[in-house]
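Below: the structure, in structure tokens.
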Amino acid sequence: MGKRPLQILTALLALVPILTGIITMLGVSDPLYASAGVPALPVLDSNLRFFGGFWLGLGLALLWLVPRIESQSVLFRAVWGGIFLGGVGRLLSILLIGAPPIPFIGFTALELIGAPLFIWWQHRVATAART
């Protein structure tokens, strides 16, 4: 569980928000929402496109820190902390509205369980780099 595996996995996982962020910037025309028949409400479309842009930026930030992953603890924690909070939002949605399609349950698990594990892993890599 050293630096190189953390870099590789972080780079691979960064592709998820990069690709889905680009797609979500399509707003209600995003294939996921379009297939669900989500109405083209301006406030909803605007929020989806904002979320997509933010998600894209988060993925780019993850990708940017990969080469210096052992020295970018603050940014690493901020990004994964944001992902964790997104998982809290998904969990609230599950509890209050109902379960989404199965892939989103997996995303929720990654966000709630994976985020703290990634922060712990990066902390170990950063500590080892200082010694």
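Readers should treat all values here as calculations from the given coordinates under stated rules, not as data from a laboratory. All values derive from a computational prediction rather than experimental measurement. Ideal geometry is used to build each Cβ from the backbone, glycine not excepted, and the neighbour counts take in all protein chains shown.
When you go through (1) surrounded by fewer than 12 Cβ atoms within 10 Å (Cβ to Cβ); (2) in contact with a Lys or Arg (Cβ under 9 Å, 6 or more places away or on another chain) one by one for ALA40, which number turns out not to apply?
Unmet for ALA40, out of (1) surrounded by fewer than 12 Cβ atoms within 10 Å (Cβ to Cβ); (2) in contact with a Lys or Arg (Cβ under 9 Å, 6 or more places away or on another chain): (2).
State all residues of the range 74-130 that are surrounded by fewer than 17 Cβ atoms within 10 Å (Cβ to Cβ) and charged (D, E, K, R); if no residue qualifies, say none.
Passing the criteria: ARG77, ARG124, ARG130.
Being in a helix (DSSP H, G or I), out of contact with any Leu (no Cβ under 8 Å at 6 or more places or on another chain) and under 30 Å from THR131 (Cα atoms) is true for just one of LEU85, LEU12, LEU19, LEU32. Which residue is that? Explain how you work it out, then say what you get.
Details: LEU85 fails: under 30 Å from THR131 (Cα atoms); LEU19 fails: under 30 Å from THR131 (Cα atoms); LEU32 fails: under 30 Å from THR131 (Cα atoms).
Going through LEU85, LEU12, LEU19, LEU32 in turn, just one is in a helix (DSSP H, G or I), out of contact with any Leu (no Cβ under 8 Å at 6 or more places or on another chain) and under 30 Å from THR131 (Cα atoms): LEU12.
All but one of (1) under 22 Å from LEU26 (Cβ atoms); (2) free of Cβ contacts under 8 Å to residues at least 12 places away in the same chain hold for PHE104; state the number of the condition that does not hold.
Result: PHE104 fails condition (2) only.
Quick test for you: out of LEU58, LEU65, LEU92, LEU44, pick the one residue that is part of a helix (DSSP H, G or I), under 12 Å from the mean Cα position of the chain (by Cα) and not β-branched (Val, Ile, Thr).
On the way: LEU65 fails: under 12 Å from the mean Cα position of the chain (by Cα); LEU92 fails: under 12 Å from the mean Cα position of the chain (by Cα); LEU44 fails: under 12 Å from the mean Cα position of the chain (by Cα).
Among LEU58, LEU65, LEU92, LEU44, only LEU58 is part of a helix (DSSP H, G or I), under 12 Å from the mean Cα position of the chain (by Cα) and not β-branched (Val, Ile, Thr).
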